[in-house]
Amino acid sequence: VASAVAFDVLPLKLHPFSQSTPTGLDCVGWKQHIAFPVITDGALDKTALADDAGSEEDLYEDFRSGNHRYGHAGGGGEQLAINELISDGSVVYAEALWDHVTMDDQELGFKAGDVIEVMDATNKEWWWGRILDSEGWFPASFVRLRVNQDEPMEDYPLKAEGSKDDDSCSGTRRFGMGQTTKDQMRTNVINEIISTERDYIKHLKDICEGYIKQCRKRADMFTEEQLKTIFGNIEDIYRCQKKFVKALEKKFNKDHPHLSEVGSCFLEYQTEFQIYSEYCNNHPNACMELSRLTKVNKYVYFFEACRLLQKMIDISLDGFLLTPVQKICKYPLQLAELLKYTNPQHRDFKDVEAALNAMKNVAQLINERKRRLENIDKIAQWQSSIEDWEGEDVLVRSSELIYSGELAKISHPQAKSQQRMFFLFDHQLVCCKKDLLRRDILYYKSRINMDDMEILDVEDGKDKDFNTSVKNAFKLHCRDTEEVHLFCAKKPEQKQRWLKAFESERRQVQLDQETGFSITEVQKKQAMLNASKQQHPGKPKAVTRPYYDFLMRQKHPTLPTTLPQQQVFMLAEPKRKPSNFWQNISRLTPFRK
């Protein structure tokens, strides 16, 4: 898809990006040049389809006989605009929709709600970004670009309780036609909410009329059970969202958008939005069923014919089915930004504040258990990649990766220091060693039971227990056996992150005990079985720091070759065909260093 976006010229470089859909789905309505015999002027016309292709069956046959690629096209106007801003020296920020838990030191891990500085967006699926002093690749579909890019990063993430405090500074600046900067920014967010809702309705309509309606005509290809698995309750969501967008438009003040009072709409529909729970829980099943069907060419051609007949952009069906999952996660982020630019005296302030809390609860209700249950597959996959594993499986006691990174472990006698990779799960800390020649391969060394440990902060200087000088150090002390483990981080910031991670681990364990969360034995065994059967495509080797700096200057750093969380969340855009090259090299692991 070759397209361009013409941004409205706004003061302060307030570029309104689209946030409602995966990369590329905001291009509906843009002129496209699709390699298809019946398209001559770049626009897909139903009359032309009827005249030249004759019927859906003719279109299906025409497409089947051709060698058209099923998937998405690269590029897109929004992506080009992002890179243009970056190349001009502008800073572009994105907010994380979901946690990106990674065990690869070339990828950037983050939590939902974190703010990422986008440094390179030349690739459609993987962007390069930075959080504090950490840089790495992250999946573009896991983030939402901020509406108001000129706000300083320290203003994020938004704390709802602190939103009343920033009025005095931002409300004093004037912004055209008597509006304050804050009013204009609120206008931007309101416009985004309305426009993305309209786009979202268009996507839902396209799925229901373009795919489901056509599939029901082909009883020879689809059973009702299959359609239920693939599309879930998306028709119910479509009906709900049509009512919701009408309610929003009634509250929308076209002449003065910043005066719009939309908070009450979210409060009114918060209960109905719980229908997303069923859809999100079913979404992994939909991905698996689609993956199974699209191994047969006739289904690939049929789905592509449906897309073209409905005049939909070049994204495969699983990409479109991702939009409801993304949408329910984006509401809290949109409302948080709206609250930030709503004065406490505004008639909409209390409703927006209440709506933000309500939508956070809805999203949390939908996501948390699903995320935890699905996370066990990634843990099982990780364990299967570790050489020389000993003892019980990680899943016997753990279900969550809290943090990971490299530390120096100092051991008795003679205070010998060893560089090791550590993975902190709930209840245990796993220690691994990198292969001397193949740094992408990890060997199991040991584990520490965190239930018996207390964490001790160690001051820089000489440690009496180990009789050695340490810096950025901390200890794990076993209360029962008096056993002590000494660790050193490379930087003070890394040490602080580890100390916070240990606190998070204890909180997670306590929360699980309070809520009664547990993974069944059947789920654990199935996860390990899936991991043992899975063939893992590899990634290119990591590059050294000097060469990495050179690559960054050339704007062509090494890309990950596998989609993030592919076997866990399945929240990525349409899958790429894995390369056979890496599969021919022995002992490759799915988490390349």
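Available extension along the chain between Asn530 and Ser195 is 116.4 nm, counting 0.36 nm per residue and deducting the alpha carbon span. Computed 3J(HN,Hα) for the range 199-213, one whole-Hz value per residue from the Karplus formula 6.51 cos²θ - 1.76 cosθ + 1.60 where θ = phi - 60°, is 4, 4, 4, 4, 5, 4, 4, 4, 5, 5, 8, x, 10, 4, 4, glycine and proline marked x.
Which pairs in the list Lys124/Lys340; Lys434/Lys471; Lys242/Lys327; Lys205/Lys295 are over 20 Å apart, alpha-carbon to alpha-carbon?
Lys124/Lys340; Lys434/Lys471; Lys205/Lys295
Measure off, as a whole percent, the carbon and sulfur share of the 1.4 Å-probe accessible area of the range 77-145, all protein chains present. The computed percentage sits at 49. Placing +1 on each Lys and Arg Cβ and -1 on each Asp and Glu Cβ, with no other charges, gives the range 182-375 a dipole about its Cα centre of roughly 180 debye.
Here the relative contact order of the range 182-375, from alpha carbon pairs under 8 Å that lie six or more residues apart, stands at 31 percent. Only protein heavy atoms count here; on that basis, with a 1.4 Å probe, Met421 has an accessible area of about 10 Å². Figure legend: label point modelled 7 angstrom from the Cα of Lys217 along Cα→Cβ; residues of the range 278-308 with amide N under 14 Å from it are 302-308. The range 219-263 gives an Rg/Rh value of 1.34, both radii derived from C-alpha positions and Rh following Kirkwood.
Annotation for the range 266-346: trypsin sites (Lys or Arg not before Pro) lying in DSSP loop with at most 13 further Cβ atoms inside 10 Å of their Cβ are Lys295.
What the range 400-515 shows is 53 Å² of accessible area per residue, with the surface traced by a 1.4 Å probe over protein heavy atoms. In the context of the full set of protein chains, the range 261-318 has a per residue accessible area of 37 Å² (1.4 Å probe). Express the Stokes-Einstein translational diffusion coefficient of the range 77-145 in µm² s⁻¹, to the nearest whole number, given a Kirkwood radius over alpha-carbon pairs, 4 °C and a viscosity of 1.567 mPa s. Using the Kirkwood radius from Cα pairs, D works out to 109 µm²/s.
With both labels modelled 7 Å from their Cα along Cα-to-Cβ, the Gln523 to Ser417 distance reads 4.2 nm. Using heavy atoms of the protein chains and a probe of 1.4 Å, the accessible area assigned to His256 is about 90 Å². Which residues in the range 449-474 place their backbone N less than 13 Å from a point set 7 Å from the Cα of Thr481 along the Cα-to-Cβ direction? Once the point is set 7 Å along Cα→Cβ of Thr481, 449-453 turn out to lie under 13 Å by backbone N, inside the range 449-474.
Overall, the accessible surface of the range 182-375 at a probe of 1.4 angstrom is composed of carbon and sulfur to the extent of 47 percent. Checking every one of the GluC sites (Glu not before Pro) in the range 343-409 against DSSP loop status and a limit of 11 other Cβ atoms within 10 Å picks out Glu390, Glu392. Every Cα-Cα pair in the range 400-515 was counted, and those over 20 Å apart are 42% of them.
Using the Cβ-Cβ distance between Asp435 and Asp88 with R0 set to 56 Å, the FRET efficiency from 1/(1 + (r/R0)^6) comes to roughly 0.85.
Rolling a 1.4 angstrom probe over the range 444-529 with all protein chains present gives an accessible area of which 47% lies on carbon and sulfur atoms.
Note on Lys228/Ile455: beta-carbon distance plugged into 1/(1 + (r/R0)^6) with R0 of 35 Å gives a FRET efficiency of 0.10.
Computed from label points 7 Å out along Cα-Cβ, the spacing between Lys242 and Glu268 is 1.7 nm. Our coupling estimate for the range 262-272, obtained by passing each phi through the Karplus curve with A = 6.51, B = -1.76, C = 1.60 and θ = phi - 60°, is 9, x, 5, 5, 5, 5, 5, 9, 4, 5, 5 Hz, Gly and Pro reported as x. Give me the percent of Cα-Cα pairs in the range 182-375 that sit more than 30 Å apart, rounded to a whole number. Across the range 182-375, Cα pairs with separations above 30 Å total 29 percent.
List the relative contact order of the range 77-145 as a percent without decimals, with contacts defined as Cα pairs under 8 Å and 6+ residues apart. After rounding, I find 32 percent. When the pairs Lys378/Lys464; Lys378/Lys495; Lys370/Lys475 are compared against a 29 Å limit on Cα-Cα distance, Lys378/Lys464; Lys370/Lys475 fall above it.
The values are calculated or read from the model by the stated rules, or taken from the named source; none is laboratory data. Just so we're clear, the structure is a prediction, and the values are computed from it rather than from any experiment. Cβ sites come from the backbone with ideal geometry, for glycine too, and all protein chains shown count toward neighbours. Just so you know, the surface numbers come from the protein's heavy atoms only, side chains and all, with ligands and any DNA or RNA stripped out. Shrake-Rupley method; radii C 1.70, N 1.55, O 1.52, S 1.80 Å.
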